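A short write-up of the structure that comes next.
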Amino acid sequence: IPWENKLLSIAGHTKDPSETIQIKAFDLQTGAWSILKTYGKAPVSVLSLNYLSFSRFLVSRGGQSVTLVGSTLVIFGGQDAKRTLLNDLHILDLETMTWDDFDAVGVPPSPRSDHAAAVHAERYLLIFGGGSHATCFNDLHVLDLQAMEWSRPTQQGEIPSPRAGHAGVTVGENWFIVGGGDNKSGASETVVLNMSTLVWSVVTSVEGRVPLASEGLSLVVGFISGEDILVSFGGYNGRYNNEVNVLKPSHKSTLQSKIMEAPVPDSVSAVQNATNPTRDLESDFEVGQEGKIREIVMDNTDSEHMKSKGEETSELIIATLKAEKEELESSLNKEKLQSLQLKEELTQAETRNTDLYKELQSIRGQLAAEQSRCFKLEVDVAELRQKLQTMETLQKELELLQRQKAASEQASLNAKQRQGSGGVWGWLAGSPPQNADDA
């Protein structure tokens with residue numbers, strides 16, 4: 001990010017991540033790098049109404065968007081060193097190098113990285129596309145930096161295909177998007193969004209695997225003979241590229257704000273993205289979002305176009321829009337109160353979840369102890385079974401010895417009986433008696 005006489009480098013992927021984001025500065029005069037010191041406590045992440053997750057620290061990350069708005073940097077999303085996707089929002093005041101505490105209402109974009117961001121009228125932050133671990137998006141989200149409120153307006157025209165890793169630059173009220181991909185192929189169309197009317201159109205298209213249909217390419221605005229040109233460099237689409245491509249935007253691609261010819265839709269509803277099954281916006285916010293788009297159109301309407309319609313028509317339109325704006329502001333105040341109530345309920349739910357988590361940890365500890373005891377019992381049972389088998393073997397040997405002993409005693413008894421029954425026949429045979437009783 002260019003700032004004063006320096007180039008600022010914010011966050012990014014690293015093999016040795018720190019706990020917090022570092023702001024590094026390259027001095028264009030001395031050609032030296034330095035780390036800028038920031039002040040204030042790291043801001044608390046914005047509470048997402050779709051995700052009960054809180055990030056208490058401004059963790060290091062890559063794939064985030066960093067947008068310069070006046071003298072502040074607006075950092076959104078990315079993924080941390082553990083590849084956890086983020087959708088938190090942080091603001092750094094470059095004049096004081098202080099992190100500002102803030103809170104935003106509405107439904108923020110789902111966690112993502114490698115998206116594109118732009119600022120319109122120094123007030124509206126636009127987030128387009130990006131990806132998660134499983135899919136890529138083509139949704140558009142708007143953050144009103146004054147009201148600190150998220151919205152998801154309805155897109156019109158030739159809506160781009162889902163993509164991540166694309167690059168974008170703004171020329172006036174037009175936001176040009178180049179490159180990117182959907183994990184299968186590169187995005188071949190160069191598209192432009194008129195940020196006043198929120199209408200997309202295709203500028204040009206390329207064919208085949210070319211650097212312009214790559215992820216991670218860079219894109220800047222240059223000037224030749226007083227005319228704007230887009231300059232892209234590098235990218236990855238199966239291989240790394242170092243080509244430089246130049247595009248001169250045609251007048252057909254620079255759409256003008258046409259509040260009369262392209263009126264704002266009567267109903268601004270959340271669009272169910274085919275690549276994003278999560279519904280990011282409920283119907284309760286539709287009225288508020290309609291007012292938001294009408295404000296964008298009002299703040300950026302071409303003055304010459306309005307004059308051409310005549311002052312009488314302009315005053316009538318302005319009066320009508322003011323009346324609608326007051327009505328919508330009243331509705332928005334009600335929605336903000338409801339949002340605060342929802343936040344309180346979510347805080348209570350978080351407290352309950354914390355208690356349940358502690359109880360779960362206790363039960364897990366008890367389960368681990370029981371598992372250890374069961375394992376010990378299984379070992380004891382195995383030892384007892386082995387001893388039982390040994391005892392059965394010894395029992396069989398004992399029975400065998402007992403049978404052998406009984407047989408030996410029986411044989412000895414038989415022998416004595418034969419000796420005792422000799423009588424006269426023994427004497428006649430010449431066998432003398434053994435003792436006096438025998439005689």
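Going through (1) at pLDDT below 90; (2) open to solvent by 70 Å² or more (accessible area, probe 1.4 Å) one by one, R403 falls short only on (1). Selection of segment 188-212 for residues being without any contact (Cβ under 8 Å) to a residue 40 or more places away in the chain and open to solvent by 10 Å² or more (accessible area, probe 1.4 Å) yields S188, E189, S205, V206, E207, G208, R209, V210, P211, L212. Residue pairs whose Cβ atoms lie under 9 Å apart, sitting 6 or more positions apart in sequence or on different chains, and linking a residue in segment 317-337 that is under 18 Å from G106 (Cβ atoms) and in contact (Cβ under 8 Å) with a residue 40 or more places away in the chain to a partner that is open to solvent by less than 80 Å² (accessible area, probe 1.4 Å) and of a type in the set (S, T, Y), do not occur here.
Against the criterion of being assigned by the TED database to the domain that holds H115, open to solvent by 40 Å² or more (accessible area, probe 1.4 Å), modelled with pLDDT under 95 and closer than 27 Å to A167 by Cα, K37 does not qualify.
Looking at this structure, is N174 under 18 Å from A116 (Cβ atoms), modelled with pLDDT under 90 and either basic (K, R) or in the same structural domain as D144 (by the TED database) (or both)? Against the criterion (under 18 Å from A116 (Cβ atoms), modelled with pLDDT under 90 and either basic (K, R) or in the same structural domain as D144 (by the TED database) (or both)), N174 does not qualify.
The values are calculated or read from the model by the stated rules, or taken from the named source; none is laboratory data. The shown structure was predicted, so the numbers you read here are calculated from the model rather than taken from an experiment. Neighbour counts are summed over all protein chains in view; Cβ atoms, including those assigned to glycine, are modelled from backbone coordinates with ideal geometry. Keep in mind that these areas ignore ligands, DNA and RNA; they rest on the heavy atoms of the full protein, side chains included. Shrake-Rupley method; radii C 1.70, N 1.55, O 1.52, S 1.80 Å.
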